[in-house]
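The values are calculated or read from the model by the stated rules, or taken from the named source; none is laboratory data. This one's a predicted model, so the numbers in the text were calculated from it and none came from an experiment. Each accessible area value is taken on the protein alone, full model and side chains, heavy atoms only, with ligands, DNA and RNA left out. Shrake-Rupley method; radii C 1.70, N 1.55, O 1.52, S 1.80 Å.
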Amino acid sequence: MSAAPTWGLVVETTLGTGERKHTEAQVVAHVTGSREEALAELERRARSYSPTHPLSPRRRRLLRVGDGFLLVVDGAWQSFVTRFTVAELLTDSAAPQAPEPEPVPEPEAGTAPEPVAEAAPPAPAAAREPELDADGVPVRPAWLGRRDLS
């Protein structure tokens, strides 16, 4: 069974005005699940999105496109566009790396594998929880008896 895909919710918006008008993109969230679930979250965000430009919006149109939504906001002099796109995350250089499993040594030829020892049962909950006084403060401080603090 494969893991559910992760989708990046990308917002590309128009910033600046006049000759300094440009588009910037940002991944605003990740959704793990189906593409439909990611599109539903993206639509929720697109409907409530309030762009910084234009300062005096006259008309707002939200359009569905194949992979997301397009928000067109007309101002007094210009129109500003924000594109909302859902895209499957394939790699992420900043994602935490899963630790590599340690190799299991192979038994030597002609020897029987050693039996695996069963793990000890977990300690009862009372043994794991510190004893607390009436105010909820531990009776024995966690640092008491630690040899690495001397």
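Couple of notes before you dig in:
- For the stretch 1-58, the per residue solvent-accessible surface stands at 70 Å², with DNA, RNA and ligands left out and a 1.4 Å probe.
- Accessible surface ranking for HIS30, HIS53, HIS22, 1.4 angstrom probe, highest first: HIS30, HIS22, HIS53.
- For the stretch 1-59, the carbon plus sulfur part of the accessible surface works out to 49%, probe radius 1.4 Å.
- Three-way shape call for the stretch 9-75 based on the alpha-carbon gyration tensor, with the a/c threshold at 1.5: prolate
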